[in-house]
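Below: the structure, in C-alpha coordinates.
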Amino acid sequence: MVSDHDHLRVLIANQRPDRLDAVTTIVVGLGHDVIARSIEITEVGAVTAREHPDVALVGLGSSSDHALQLIGEIVRAAACPVIALLEDVDPAFVNEAAKRGIFAYITHGDGEKLQSSIDIVLRRFAEYHNLEGAFGRRATIERAKGILMERHSVDATQAYEMLRSHSRSTNRKLTAVAEAVVDGHRLLPRQPTPD
(Lines give C-alpha, C1' and ligand atoms only; values in the text may rest on other atoms or scores of the structure.)
Protein backbone atom coordinates (compact mmCIF):
# COMPACT_ATOMS: atom_id res chain seq x y z
CA MET A 1 0.00 0.00 0.00
CA VAL A 2 2.13 2.92 -1.24
CA SER A 3 0.94 6.33 -0.10
CA ASP A 4 0.15 9.40 -2.18
CA HIS A 5 1.71 11.49 0.60
CA ASP A 6 5.15 13.06 0.75
CA HIS A 7 8.04 10.64 0.96
CA LEU A 8 9.28 11.01 4.55
CA ARG A 9 12.40 10.08 6.47
CA VAL A 10 11.23 8.31 9.62
CA LEU A 11 13.05 7.38 12.81
CA ILE A 12 11.51 4.52 14.79
CA ALA A 13 12.40 3.90 18.43
CA ASN A 14 11.08 1.17 20.67
CA GLN A 15 12.40 -1.00 23.44
CA ARG A 16 10.87 -4.09 21.82
CA PRO A 17 12.53 -5.43 18.63
CA ASP A 18 9.28 -7.13 17.51
CA ARG A 19 7.46 -3.77 17.60
CA LEU A 20 10.35 -2.12 15.73
CA ASP A 21 9.88 -4.72 12.97
CA ALA A 22 6.10 -4.32 12.86
CA VAL A 23 6.19 -0.51 12.69
CA THR A 24 9.00 -0.60 10.11
CA THR A 25 6.83 -2.80 7.88
CA ILE A 26 3.92 -0.36 8.15
CA VAL A 27 6.08 2.71 7.50
CA VAL A 28 7.80 1.16 4.48
CA GLY A 29 4.38 0.06 3.20
CA LEU A 30 3.32 3.71 3.30
CA GLY A 31 6.21 4.56 0.98
CA HIS A 32 8.46 6.21 3.54
CA ASP A 33 12.12 5.55 4.38
CA VAL A 34 13.04 4.22 7.78
CA ILE A 35 16.33 6.03 8.25
CA ALA A 36 17.06 4.69 11.71
CA ARG A 37 15.76 2.21 14.23
CA SER A 38 16.78 2.52 17.84
CA ILE A 39 16.30 0.63 21.05
CA GLU A 40 19.02 2.28 23.13
CA ILE A 41 18.41 5.57 24.93
CA THR A 42 22.12 6.39 24.78
CA GLU A 43 22.16 6.18 20.97
CA VAL A 44 18.86 7.74 19.93
CA GLY A 45 19.87 11.38 20.45
CA ALA A 46 23.00 11.08 18.32
CA VAL A 47 21.16 9.12 15.63
CA THR A 48 18.43 11.76 15.54
CA ALA A 49 20.89 14.65 15.28
CA ARG A 50 22.86 12.89 12.54
CA GLU A 51 19.93 11.65 10.42
CA HIS A 52 17.54 14.65 10.65
CA PRO A 53 14.28 12.68 10.41
CA ASP A 54 11.04 14.29 9.23
CA VAL A 55 9.13 12.50 11.99
CA ALA A 56 9.95 10.12 14.84
CA LEU A 57 7.74 7.27 16.02
CA VAL A 58 8.32 6.07 19.58
CA GLY A 59 6.60 2.93 20.78
CA LEU A 60 5.74 2.15 24.35
CA GLY A 61 7.63 -1.06 25.09
CA SER A 62 7.88 -2.93 28.37
CA SER A 63 8.94 0.19 30.28
CA SER A 64 7.18 3.53 30.10
CA ASP A 65 10.31 5.16 31.57
CA HIS A 66 12.36 3.83 28.66
CA ALA A 67 9.89 5.23 26.11
CA LEU A 68 9.75 8.59 27.91
CA GLN A 69 13.54 8.79 27.91
CA LEU A 70 13.61 7.97 24.18
CA ILE A 71 11.09 10.76 23.56
CA GLY A 72 13.10 13.21 25.64
CA GLU A 73 16.33 12.44 23.80
CA ILE A 74 14.72 12.74 20.36
CA VAL A 75 13.00 16.04 21.22
CA ARG A 76 16.28 17.49 22.56
CA ALA A 77 18.29 16.37 19.54
CA ALA A 78 15.99 17.09 16.61
CA ALA A 79 13.69 19.55 15.01
CA CYS A 80 11.11 16.93 14.15
CA PRO A 81 7.79 15.99 15.68
CA VAL A 82 7.43 12.84 17.75
CA ILE A 83 4.41 10.52 17.69
CA ALA A 84 3.95 8.00 20.51
CA LEU A 85 2.67 4.58 19.44
CA LEU A 86 0.61 2.80 22.11
CA GLU A 87 -1.03 -0.61 22.14
CA ASP A 88 -3.69 0.61 24.59
CA VAL A 89 -4.80 4.01 25.84
CA ASP A 90 -2.62 5.04 28.77
CA PRO A 91 -3.55 8.55 29.99
CA ALA A 92 -0.72 8.73 32.54
CA PHE A 93 1.89 7.87 29.89
CA VAL A 94 0.37 10.28 27.36
CA ASN A 95 0.45 13.08 29.94
CA GLU A 96 4.13 12.44 30.73
CA ALA A 97 5.00 12.08 27.03
CA ALA A 98 3.26 15.39 26.29
CA LYS A 99 5.43 17.09 28.92
CA ARG A 100 8.47 15.77 27.06
CA GLY A 101 7.28 17.06 23.69
CA ILE A 102 5.20 14.56 21.72
CA PHE A 103 2.89 16.07 19.14
CA ALA A 104 0.44 13.15 19.01
CA TYR A 105 -0.17 9.56 19.98
CA ILE A 106 -2.06 6.73 18.35
CA THR A 107 -3.14 3.29 19.46
CA HIS A 108 -3.30 0.13 17.35
CA GLY A 109 -1.49 1.83 14.49
CA ASP A 110 -2.52 0.46 11.12
CA GLY A 111 -1.06 2.19 8.08
CA GLU A 112 -4.01 4.47 7.33
CA LYS A 113 -4.33 5.66 10.92
CA LEU A 114 -0.59 6.19 11.18
CA GLN A 115 -0.43 8.19 7.92
CA SER A 116 -3.34 10.40 9.05
CA SER A 117 -1.58 11.09 12.33
CA ILE A 118 1.67 11.88 10.54
CA ASP A 119 -0.11 14.31 8.20
CA ILE A 120 -1.77 16.14 11.09
CA VAL A 121 1.42 16.21 13.16
CA LEU A 122 3.51 17.62 10.31
CA ARG A 123 0.95 20.41 9.76
CA ARG A 124 0.86 21.27 13.47
CA PHE A 125 4.64 21.13 13.70
CA ALA A 126 4.97 23.56 10.78
CA GLU A 127 2.40 25.88 12.39
CA TYR A 128 4.30 25.71 15.67
CA HIS A 129 7.56 26.68 13.97
CA ASN A 130 5.84 29.48 12.06
CA LEU A 131 4.40 30.82 15.31
CA GLU A 132 7.76 30.48 17.04
CA GLY A 133 9.33 32.38 14.13
CA ALA A 134 6.69 35.10 14.34
CA PHE A 135 7.42 35.60 18.04
CA GLY A 136 11.15 35.80 17.25
CA ARG A 137 10.58 38.33 14.46
CA ARG A 138 8.36 40.41 16.74
CA ALA A 139 11.02 40.37 19.47
CA THR A 140 13.68 41.52 16.96
CA ILE A 141 11.47 44.39 15.78
CA GLU A 142 10.84 45.44 19.39
CA ARG A 143 14.57 45.38 20.17
CA ALA A 144 15.31 47.46 17.06
CA LYS A 145 12.63 49.97 18.06
CA GLY A 146 14.21 50.24 21.51
CA ILE A 147 17.62 50.91 20.00
CA LEU A 148 16.22 53.58 17.67
CA MET A 149 14.26 55.17 20.53
CA GLU A 150 17.45 55.42 22.57
CA ARG A 151 19.69 56.61 19.71
CA HIS A 152 17.27 59.15 18.22
CA SER A 153 15.28 60.16 21.31
CA VAL A 154 11.98 59.23 19.67
CA ASP A 155 8.91 57.34 20.88
CA ALA A 156 7.91 53.79 19.86
CA THR A 157 5.64 54.93 17.04
CA GLN A 158 8.34 57.09 15.50
CA ALA A 159 10.92 54.31 15.86
CA TYR A 160 8.60 51.85 14.11
CA GLU A 161 7.98 54.37 11.33
CA MET A 162 11.75 54.76 10.88
CA LEU A 163 12.07 50.99 10.44
CA ARG A 164 9.10 50.81 8.07
CA SER A 165 10.25 53.78 6.01
CA HIS A 166 13.76 52.36 5.63
CA SER A 167 12.29 48.98 4.74
CA ARG A 168 10.23 50.51 1.93
CA SER A 169 12.99 52.75 0.59
CA THR A 170 15.51 49.90 0.43
CA ASN A 171 12.97 47.28 -0.69
CA ARG A 172 13.94 45.01 2.21
CA LYS A 173 11.72 43.16 4.63
CA LEU A 174 10.99 44.94 7.88
CA THR A 175 12.49 42.06 9.86
CA ALA A 176 15.72 42.26 7.81
CA VAL A 177 16.03 45.98 8.61
CA ALA A 178 15.31 45.31 12.29
CA GLU A 179 17.92 42.53 12.36
CA ALA A 180 20.48 44.89 10.82
CA VAL A 181 19.77 47.50 13.51
CA VAL A 182 20.04 44.93 16.29
CA ASP A 183 23.19 43.33 14.83
CA GLY A 184 24.92 46.62 14.06
CA HIS A 185 24.00 48.88 16.94
CA ARG A 186 27.07 47.92 18.96
CA LEU A 187 29.28 49.17 16.12
CA LEU A 188 27.80 52.66 16.30
CA PRO A 189 29.26 55.34 18.58
CA ARG A 190 27.54 55.79 21.92
CA GLN A 191 25.07 58.61 22.33
CA PRO A 192 26.84 61.50 24.05
CA THR A 193 25.58 62.02 27.56
CA PRO A 194 24.13 65.48 28.26
CA ASP A 195 26.34 67.59 30.54
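May I ask for the Kirkwood hydrodynamic radius of segment 106-162, worked out over all distinct Cα pairs and given in angstroms to one decimal? Intermediate results must be reported in sequence, preceding the final value.
On the way: mean 1/r = 0.0697 Å⁻¹.
That comes to 14.3 Å for segment 106-162.
Along the axis of the charge dipole computed for the chain (Cβ charges of +1 for Lys and Arg, -1 for Asp and Glu, origin at the Cα centre), the listed residues Ile141, Leu131, Met162 are led at the positive end by Met162. Between Arg172 and Glu43, the modelled label-to-label distance comes to 4.8 nm, taking each label 7 Å out from Cα in the direction of the beta carbon.
Between the C-alpha center of segment 2-68 and that of segment 135-159 there is a gap of 45 Å. Here the Gaussian network model covers the chain, with springs between Cα atoms less than 10 Å apart; of Ser38, Ser64, Ser165, Ser165 fluctuates the most. Our summary gives the chain a relative contact order of 14 percent, counting only alpha carbon pairs under 8 angstrom and 6 or more residues apart.
Considering only Gly29, Gly72, Gly45, the mean-square fluctuation computed in a Gaussian network model of the chain, springs between alpha carbons under 10 angstrom, is largest for Gly29. Under 19 Å of direct C-alpha separation, and excluding same-chain neighbours fewer than eight residues apart, Lys145 reaches these aspartates and glutamates: Asp155, Glu161, Glu179, Asp183. Note: relative contact order over segment 87-195, using C-alpha pairs below 8 Å and six or more positions apart, is 20 percent. Average accessible surface for segment 42-195: 60 Å² per residue, computed with a 1.4 Å probe over protein heavy atoms with every protein chain in place. Measuring nothing but how far apart in sequence close Cα pairs (under 8 Å, 6+ apart) lie, relative to its length, segment 35-130 scores a relative contact order of 25 percent. Measuring only protein heavy atoms, the 1.4 Å probe finds Arg37 accessible over about 110 Å².
Dividing the radius of gyration of the alpha carbons in the chain by their Kirkwood radius gives 1.20 for Rg/Rh. Applying 0.36 nm per residue to the separation of Glu112 and His7 and subtracting their alpha-carbon distance, the gain on full extension is 36.3 nm.
The values are calculated or read from the model by the stated rules, or taken from the named source; none is laboratory data. Computed from a predicted structure; not experimentally measured. Glycine also receives a Cβ, built like all others from the backbone with ideal geometry; neighbour counts cover every protein chain displayed. Just so you know, the surface numbers come from the protein's heavy atoms only, side chains and all, with ligands and any DNA or RNA stripped out. Shrake-Rupley method; radii C 1.70, N 1.55, O 1.52, S 1.80 Å.
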